[in-house]
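The values are calculated or read from the model by the stated rules, or taken from the named source; none is laboratory data. Just so you know, these numbers come straight off a predicted model, no measurement behind them. Note: ideal-geometry Cβ built from the backbone for every residue, glycine included; neighbour counts use all protein chains shown.
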Amino acid sequence: MKTLVPLLRRAALFAALPAAVAFSSCSDDDDSPATPDQARIMAVHVAPNANVKVSVLADDAAIKELNYGESTGYQPLTTGSRVFKVNVTGTTTTVATTTQTISKDKNYSLFAYSPSNTANSIGPLWVEDDLTAPASGKAKIRVMHLGLGAASPLTLYRTESTGTATLLLPNISFGNASAFTEIDATTSNLYLANSSNVPVILINSKALTAGKIYTLLIRGSASGLTSDLQIKADFIENK
């Protein structure tokens, strides 16, 4: 008579196989490398005295090439101490460098600007971006003053329908940024005034959308030879 023991052993072996496979899969998952902590970086080329195409690098790894007036948009980078360089595109010539520690889930902007009237003047300006969402019905705005030779400090006002002016952001000096501040999300007539409260830059009918965050960038040079290199106001949407 045939014994049932071998059959029972075989059945038990087959029953154990799914659990063994599942355990093996879990072990494989556990061995997969963890995703490194990330921050986000945006670089902007606003150096009118170095009006050449540049390459932005992090630890010698290319992020993006930029013409004057362009930005990279936010790019993810691994956290930690990083060396950022701005090179003349197509060369190993570094025209600006800065070492920064970037932290998990933080956002940063790196502006390559002209700090002086010297030919080929270019330097780095680093700011942390608070992208906390504004309250309902509001937008957020800051002023970044990098207009070489423009009035300094500058103060941002909004012209109301009554003809009065509402102070939004006061006394932003050259080479500095204001903090982000909440304002009503609407189509606005804005202007920047000098220290004598005289309007020097007008921004008409600017639509500011609820929930969005903006950098009002003052760029260019008072001695710019072309319209694009002259003092002007640009808006960057921080997203």
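Within region 141-163, identify whether any single residue is out of contact with any strand residue (DSSP E or B) (no Cβ under 6 Å at 6 or more places or on another chain), within 24 Å of GLN75 (Cα to Cα) and touching a residue at least 60 places away in the same chain (Cβ under 8 Å), and answer yes or no. So far as region 141-163 goes, no, none of its residues is out of contact with any strand residue (DSSP E or B) (no Cβ under 6 Å at 6 or more places or on another chain), within 24 Å of GLN75 (Cα to Cα) and touching a residue at least 60 places away in the same chain (Cβ under 8 Å). Which ones in region 221-239 are touching a Ser or Thr at 6+ places or on another chain (Cβ under 9 Å) and of a type outside the set (Ser, Thr, Tyr)? LEU229, GLN230, ILE231, ASP234, PHE235, ILE236, GLU237, ASN238 - these are the residues of region 221-239 that are touching a Ser or Thr at 6+ places or on another chain (Cβ under 9 Å) and of a type outside the set (Ser, Thr, Tyr).
In summary, strands (runs of 3 or more DSSP E) completely within region 139-239 and bearing 2 or more residues that are in contact with a Gly (Cβ under 9 Å, 6 or more places away or on another chain) occur at 213-219, 232-237.
Among the conditions (1) at pLDDT 95 or above; (2) farther than 18 Å from HIS45 by Cα; (3) of a type outside the set (Asp, Glu), SER188 misses just one, which is (1). When the criteria are applied in full, SER109 meets the requirement of being hydroxyl-bearing (Ser, Thr, Tyr), within 28 Å of GLY224 (Cα to Cα), assigned to a strand (DSSP E or B) and touching a residue at least 40 places away in the same chain (Cβ under 8 Å). Please verify whether region 206-218 includes one or more residues that are touching a helix residue (DSSP H, G or I) at 6+ places or on another chain (Cβ under 6 Å) and outside the structural domain of ASN117 (by TED's automatic domain parsing). No, region 206-218 has no match at all.
From the list LEU216, LEU192, the lone residue that is touching a Leu at 6+ places or on another chain (Cβ under 6 Å) and of a type in the set (A, V, I, L, M, F, W, C) is LEU192. Scanning region 47-102 for residues that are charged (D, E, K, R), in a loop (DSSP other than H, G, I, E, B) and over 15 Å from the mean Cα position of the chain (by Cα) returns LYS53, ASP59, ASP60.
All of (1) free of Cβ contacts under 8 Å to residues at least 60 places away in the same chain; (2) touching an Asp or Glu at 6+ places or on another chain (Cβ under 8 Å); (3) over 23 Å from ALA112 (Cα atoms); (4) assigned to a loop (DSSP other than H, G, I, E, B) hold for PRO134 with one exception: (1). When each of LYS232, LYS212, LYS206 is tested for being among the basic types (Lys, Arg), buried (at least 16 other Cβ atoms within 10 Å of the Cβ) and over 18 Å from SER178 (Cα atoms), the lone residue that passes is LYS206.
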